[in-house]
Every structure is written in structure tokens, then in C-alpha cells.
1. How much net charge surrounds residue 131 when only the other residues with a Cβ under 12 Å from the Cβ of residue 131 are counted, with Lys and Arg +1 and Asp and Glu -1?
2. Which helices count as membrane-span-like in the chain under these terms: full DSSP H, at least 20 Å along the axis by C-alpha, Kyte-Doolittle mean of 1.0 or more?
3. For the charge dipole of the chain, defined by +1 on Lys and Arg C-beta atoms and -1 on Asp and Glu C-beta atoms about the Cα centroid, which residue among 3, 48, 86 has the Cα displaced farthest towards the positive pole?
4. Tell me, Kirkwood radius of the chain from alpha-carbon pair distances, in Å?
5. Rounding to the nearest 20 debye, state how big the charge dipole of the stretch 1-98 is about its Cα centre with +1 on each Lys and Arg Cβ and -1 on each Asp and Glu Cβ.
6. How much of the accessible area of the chain, in percent, comes from carbon and sulfur atoms when a 1.4 Å probe is used?
7. Under a 1.4 angstrom probe, counting protein chains only, how are 54, 69 ranked by accessible area, largest first?
8. About the Cα centre of the stretch 26-148, what is the dipole size in debye to 20, counting +1 per Lys and Arg Cβ and -1 per Asp and Glu Cβ, all else neutral?
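The values are calculated or read from the model by the stated rules, or taken from the named source; none is laboratory data. Note that the coordinates shown come from a computational prediction; the quantities given were computed from them, not determined experimentally. Counting neighbours? That spans all protein chains shown, and the Cβs are built from the backbone with ideal geometry, glycine included. Calculation scope for accessible area: heavy atoms of the full protein, side chains included, ligands and nucleic acids excluded. Shrake-Rupley method; radii C 1.70, N 1.55, O 1.52, S 1.80 Å.
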Amino acid sequence: MSVGRICVREIDFADPTESAWQAAERMHQRGVGALVVLDQDQRPVGIVTDRDLVERCVAPNRDANLVTVSEVMTPHPKTILEEMPIETALAWMRNGKLRRLPVVDRNERLIGLISLDDILMLLAEEFQMIGQLLAAETPKGIAERVTV
């Protein structure tokens, strides 16, 4: 299955010139852990995560109203093409210690965001369906189908 089939397409954004506080407040209001920073062509140039805010603003005791998103974001985020398999996304996340990847089209324009949680939810659903199939093929499952 491709990344583009399961990625979230409603993405929250940050402007590089806005304050870290504004970005944190948006993340809080929308219940998200990351905001994507785009250039004028809708290409990802950065990503700011809750962890970035903690490590680059809160922990060093910097004023979140004075620090800009461009100072705390991770620049040049690793992106993944929408047609790539989820196994590739998972490998990249594991190797890069990433929880999220911006999903782009062939022109490198943002189309979505895939998270480790998205992949884990898909796998959990797949395992549940496999479990149901296996249960139906046990002697008890076969007997229940025959008596119905």
C-alpha cells in the first residue's frame, strides 16, 4: 500500500516568521504534534514539532513570544513521495528517528503528512482482520458456520 493512500491530507501549517508561542498555541488548539512550514510553491522547507519547541525554546528558557518558528523548526525535512510503499516510510522513520514525514508529489509539493501512528493504526487493523480470518478457520469457527 502506498503512503499516499493512508496519509493525512488536512495539514496544519506554520509561518517561519510567526512566534514559537503562536505555533505552540495552534498545535494545542488543533490537537496536533507538528506544523509544516512551506515555501511559496507549497514545498516543505521545515517542520516544527512539539519536541522542537521543548528542546529549542522551552528547555533553554527562551521567550516563546520572541523566538520565531524559523529558529526552532527542523529545516529541510525528509519527505516521501506519495507513491512510495508504507514499508519505505517506516524504514526511513526508524533509521532517521522520525515520527512524521511530509508526503509530496513528483513536483515536491506537499500533499499530506504520514506519522508513525498512522502506520501503526493500519497495521493494527490488518492484524485484527487476520485474527478474524484465522478464528473463522479454526475447528470452532468452521463448526459455527456449519450450524448457522
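1. Overall, the nearby charge balance is -3.
2. Qualifying helices: 116-136.
3. Working it through, the farthest residue towards the positive pole turns out to be 86.
4. The answer is 17.2 Å.
5. 320
6. Within the chain, the accessible surface is 55 percent carbon and sulfur.
7. Ranked from most to least accessible, the order is 54, 69.
8. Charge dipole, the stretch 26-148, about its Cα centre: 280 debye, nearest 20.
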